[in-house]
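Below is one structure; the comments refer to it alone.
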Amino acid sequence: MKILVCISHVPDTTSKINFTNNDSEFDTNGVQFVINPNDEFGLTRAIWFQEKQGATVTVVSVGGPETEPTLRKALAIGANDAIRVNATPTDGFFVAKQLTEIVKNGGYDLVIAGKESLDYNGGMVPGMIAALTNSNFINSCTEINIEGTNVKAVREIDGGKETVSTTLPLIIGGQKGLVEEKDLRIPNMRGIMTARSKPLTIVEPTDAPTNTKAVKFEKPAPKSAVRLVAADNLDELINLLHNEAKVI
Amino acid sequence: MSILIYAESAEGKFKKVAFELASYAKKIAESLGTTVTALAFNTTDASELSKYGVDKVLKVNDSKLANFTAKAYADVIQQAAKKENTKVVLLSSSTNSTYLASLVTVSLEAGYASNVVGLPLSTSPFQVKRNAFSNKAFNITEISTEVKVLGLAKNSFGIIESSSSLTEEDFTPTLSDNDFNIKIESTEKVSGKVSIADADIVVSGGRGLKGPENWGLIEDLATVLGAATACSKPVSDLGWRPHGEHVGQTGKPVAANLYIAIGISGAIQHIAGINSSKVKVVINTDPEAPFFKVADYGVVGDAFEVVPQLIEKLKAFKGQ
């Protein structure tokens, strides 16, 4: 089984978010970048398939040379090889178009992408790859098991979960649940050393229209100070929630 | 060219998000000088949509579509959009609608903006404000394609009544076997509880609760408020509560009208997940807890003393 894991290079979840150039660009100053957490769950599950069922795992990212440490980390975790599409991601469709080319040329049985990236939160890339390749697609996937070409998976639904079955080839939008957080891999020294010699192929981008663009960024307005209510005056809290905030 | 909304329903009844979407669509339709068409799957009575400004409903009745099947539903939406010559397709930000959005977008060669938090800032060029960076910021997105797909963030617009005279039309889409390649084997719904996705009020507990045996406090408060229960990441990592209740950047986002955090200090990732909630209340023993910096109302106190009193007082308040 050939697995492709799509990796987004995103600010660490503890990052403070700031903008520059008249609020038109994300300010990367002092920001640590990581593998998008939703992708990391997918990558770890892919490595499980590699170790238990003999799959090969390729990781791919769309981005400039600055994203290579993120891909090397994925290689250190255990991916067999990596591809970097040498382009600045402009919007979700652009990224999906680039990844679709890789999927079409690589003959992958399973494509795992995070259900959304934690920077732009578009949540559109896995579904767009599925639509562009006319493939089977499961979004918000929290469990996946494969035997031969038969797939059993669980996906999140609002207020519960649903078990589904399908066949390979398949694209999933993955998230926490694909593996437990405690099972996420931290690269060890041997993995880091081996990653240096694993192939990282650079591919030039294909043409894609710009359907959307980020014009400007804004930060939420500063909050007014919290209104503290004494622990022995909870009637006041109820009064505020009812009469002032009008939420109960 | 009307505006098309996917009016989500469950067991034949429209969900609240359908009414919020209709209210939102009506406002856009007014500014564009057009009408609102809703697409409804297997609903018997569509008349309720007329209260929220929907002019026409396309009714799809097909037993094959009794359960949500993303590819099939996306194909139906695409066909309805073509039939109505729609230039704007509106979806909610529910799990199912998010599943559909990218499929619909590609088939309509559209541009898509998800997590939209308000009416378009301009319709020419078409610009909308949306959540980004896990609710730590907003992004103004311009969509340049002829057809636009928007995913409206929950509770970001509200429900506004606006009566219309509704016409109903049966719509029979063309479906193929390929639409049903993902087969549903079973569904497990959390029964008897309000789900986080549908909740207007969410009561959430953290490590301050000291152990899973104390979760009754959270549940009792949620019951009296008709709220959903949730938890912080450490609580789900410790196995006190299921992962499905973990709210935060890598868990579920919460955009409730009221979010009550009990014994949660307020890590940056947790705050990001709940930032879209309108009113935040924090109950914590530590007055220096970061959550107090983003909360609207706060009580510095021990959850084991404050929450039981709050439950009793709320019961009395509700009983009035």
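Per residue, the accessible area of the protein assembly as shown comes to 41 Å², computed with a 1.4 Å probe over protein heavy atoms only.
According to the square roots a ≥ b ≥ c of the eigenvalues of the Cα gyration tensor, what is the shape class of the range B:1-43, taking rounded for a/c under 1.5, prolate for a/b larger than b/c otherwise, and oblate for the remainder? It comes out oblate by the Cα gyration axes. Return the distance in nm (one decimal) between the two label points of a simple spin-label model at residue B:67 and residue B:161, each offset 7 Å from Cα along Cα→Cβ. Once both label points are built, they end up 3.8 nm from each other. Here the Gaussian network model covers chain B, with springs between Cα atoms less than 10 Å apart; of B:83, B:278, B:59, B:83 fluctuates the most. If you fit an axis through the alpha-carbon atoms of helix A:68-77 and take the longest principal axis of the Cα set of chain A, what angle between them do you get, 0 to 90°, nearest 10? The angle comes out near 70 degrees. Taking the C-alpha atoms only, the angle from helix A:37-53 to the longest principal axis of chain A is near 30 degrees. Taken over the Cα atoms of the range B:250-311, the convex hull encloses 80 Å³ per residue. Gain on full extension, evaluated as 0.36 nm per residue between residue A:236 and residue A:186 minus their Cα-Cα distance, stands at 13.1 nm. Considering helices alone, the calculated mean residue ellipticity of chain B at 222 nm is -8000 deg cm²/dmol, with DSSP H runs of length four and up weighted by -39500 (n - 2.57) and normalised per residue. Here residue A:213 is the anchor, and the aspartates and glutamates within straight C-alpha reach of less than 15 Å, apart from those fewer than 8 places off in the same chain, are A:23, A:25, A:91, A:119, B:142, B:146. Computed from Cα atoms, the angle from the helix B:303-319 axis to the main principal axis of chain B rounds to 60 degrees.
The Cα atoms of the protein assembly as shown cover 67, 63, 50 Å along the three principal axes, with the biggest extent listed first.
Run the numbers for residue B:210 and residue B:302: contour at 0.36 nm per residue of separation, minus the present Cα-Cα distance, in nm.
That works out to 32.0 nm of additional length.
So, in Å, what gap is there between the alpha-carbon centers of the range B:147-220 and the range A:80-97? What the calculation gives is 32 Å, centre to centre.
Reducing the range B:242-320 and the range A:193-234 to their Cα centroids gives an inter-centroid distance of 24 Å. Here is how the number arises for chain A: DSSP H runs of 4 or more residues each give -39500 (n - 2.57), the sum is divided by the residue count, and the result at 222 nm is -8000 deg cm²/dmol. At an R0 of 22 angstrom, the distance between the Cβ atoms of residue B:47 and residue B:174 translates into a FRET efficiency of 0.20. Indicate the gyration tensor shape class of the range A:56-100 (rounded, prolate or oblate), computed on the Cα atoms with a ≥ b ≥ c the square roots of the eigenvalues: a/c under 1.5 is rounded; otherwise a/b larger than b/c is prolate and the rest oblate. It comes out oblate by the Cα gyration axes.
Under Stokes-Einstein, with the Kirkwood radius over Cα pairs standing in for Rh, what whole-number D in µm²/s applies to the range A:69-174 at 10 °C and 1.306 mPa s? The diffusion coefficient I find is 108 µm²/s. State whether the range A:107-230 is rounded, prolate or oblate according to the following rule on the C-alpha gyration tensor (a ≥ b ≥ c being the square roots of its eigenvalues): a/c under 1.5 gives rounded; otherwise a/b larger than b/c gives prolate, and the remaining case gives oblate. Because its axes are fairly even, with a/c under 1.5, the range A:107-230 counts as rounded. For the range A:156-232, the list of trypsin sites (Lys or Arg not before Pro) that fall in a loop by DSSP and count at most 13 other C-beta atoms within 10 angstrom reads A:223. Annotation: lysines with alpha-carbon distance below 24 angstrom to residue A:104 (same-chain offsets under eight excluded): A:2, A:115, A:152, A:198, B:71. Of all the options A:177, A:63, A:122, the one that moves most in a Gaussian network model of chain A with Cα springs shorter than 10 angstrom is A:122.
Note on chain B: with a GNM built from Cα contacts shorter than 10 Å, the maximum mean-square fluctuation among B:108, B:152, B:21 falls on B:108.
Among the listed pairs B:252/B:293; B:51/B:136; B:56/B:154; B:83/B:136; A:182/B:318; A:216/B:189, a Cα-Cα separation exceeding 31 Å is found for B:51/B:136; B:83/B:136; A:182/B:318; A:216/B:189. Let's test the formula: R0 of 30 Å, r as the Cβ-Cβ distance of residue A:243 and residue A:223. What FRET efficiency results, to the nearest 0.05? Plugging the Cβ-Cβ distance into 1/(1 + (r/R0)^6) gives 0.90.
Taking a sphere under 14 Å around the Cβ of residue B:214 and counting the other residues whose Cβ falls inside, with K and R at +1 and D and E at -1, yields a net charge of -2. The residue B:190 and residue B:318 beta-carbon pair, evaluated with R₀ = 30 Å, returns a calculated FRET efficiency of approximately 0.80. So, with a 1.4 angstrom probe, what is the percent of accessible area on the protein assembly as shown that is carbon and sulfur? Answer for the protein assembly as shown is 48 percent, counting heavy atoms of protein chains only.
The values are calculated or read from the model by the stated rules, or taken from the named source; none is laboratory data. Keep in mind that this is a model prediction, so the values were computed, not measured. Ideal geometry is used to build each Cβ from the backbone, glycine not excepted, and the neighbour counts take in all protein chains shown. These accessible areas exclude ligands, DNA and RNA; they are computed on the full protein's heavy atoms, side chains included. Shrake-Rupley method; radii C 1.70, N 1.55, O 1.52, S 1.80 Å.
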